[in-house]
1. Out of all the residues in the range 153-196, which are within 14 Å of the ligand (Cβ to nearest atom) and either part of a loop (DSSP other than H, G, I, E, B) or among the basic types (Lys, Arg) (or both)?
2. Report, by residue number, each residue of the range 131-152 that is closer than 20 Å to MET95 by Cα and part of a strand (DSSP E or B).
3. Is there a residue being modelled with pLDDT of 95 or more, more than 13 Å from the ligand (Cβ to nearest atom), within 25 Å of THR29 (Cβ to Cβ) and not aromatic (Phe, Trp, Tyr) anywhere in the range 115-129?
4. Which of the helices (runs of 4 or more DSSP H) contained wholly in the range 1-112 include at least 2 residues that are away from the ligand (no atom under 13 Å from the Cβ)?
5. Mind counting the residues in the range 82-134 that are over 24 Å from VAL40 (Cβ atoms) and in contact with a Phe, Trp or Tyr (Cβ under 9 Å, 6 or more places away or on another chain)?
6. So ASP148 clears everything in (1) closer than 29 Å to THR29 by Cα; (2) away from the ligand (no atom under 15 Å from the Cβ); (3) without any contact (Cβ under 8 Å) to a residue 24 or more places away in the chain; (4) not small (Gly, Ala, Ser) except one condition, right? Which one?
7. Restricting attention to the range 1-29, report how many residues are more than 16 Å from VAL57 (Cβ to Cβ) and exposed (fewer than 12 other Cβ atoms within 10 Å of the Cβ).
8. Need the failing condition index for LEU149 against (1) surrounded by 15 or more Cβ atoms within 10 Å (Cβ to Cβ); (2) more than 12 Å from the chain's Cα centre (by Cα); (3) within 24 Å of ASP104 (Cβ to Cβ), just the number.
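The values are calculated or read from the model by the stated rules, or taken from the named source; none is laboratory data. Predicted, not measured: the structure shown is a model, and the values here were computed from it. In this analysis, Cβ positions are derived from the backbone assuming ideal geometry, glycine residues included, and neighbour counts consider all displayed protein chains.
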Amino acid sequence: MTAPARPQRVAILISGSGSNMAALVAAMTGDHPARPVLVVSNVPGAGGLARAAAAGVPVATVDHRAYPDRAAFEAGLEAALAPAAPDLICLAGFMRILSPGFVDRHAGRILNIHPSLLPKYPGLHTHARALAAGDTVAGATVHVVTADLDAGPILGQARVPILPGDTAAALAARVLAAEHRLYPAVLRRVAGGDWSRVDL
Ligand code: GRF
């Protein structure tokens, strides 16, 4: 493992409340080997934008609805990202699928957090699916983004119990709290040049 000589520049893509983004930003201080350089939302007015700005991180909005197709949207995303020159791009509740072309241009440098213990339950409605299956354990996964949805190499997982009487909302809240521990832990390791797996 070779630690990068300078702090890694991290851009974070969001679509919503940005609680994972806030956890990442809060962690990137002091001796942390990364710094947040930009938060981008594809949703105008997403709650996370105000949180990022309040934390002193530059923000941008690239509204996918303002573009005719995915390629044009992603060109807009690239234009927003380029001046920030990110080493790593963290998806944090970013609800757009990135094309293989975008992923290739940033190969191995895009991370995502997903609210299930992948490879179980890629895609949406993970908590309802875990409950319907009668699972007793749920969790979250941070993985490298590849062209296959939610299927890239796993960098870390956090496990939480499923409790009797759990609703999807109660389980989601428990998993989200675990996400806020897991994502910063993985980012710290990766930004320091260590891509070994984190288990919480
Ligand atoms: C998280 O559960 C994340 O795993 C999923 O969407 C949610 C985003 O929450 N992809 P937040 O915007 O980070 O609060």
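1. ARG174, ARG181
2. Correct list: GLY139, ALA140, THR141, VAL142, HIS143, VAL144.
3. no
4. Once the helices (runs of 4 or more DSSP H) in the range 1-112 are filtered for at least 2 residues that are away from the ligand (no atom under 13 Å from the Cβ), what remains is 47-54, 70-81, 100-105.
5. Total satisfying the criteria: 4.
6. Condition not satisfied by ASP148: (1).
7. 5
8. (1)
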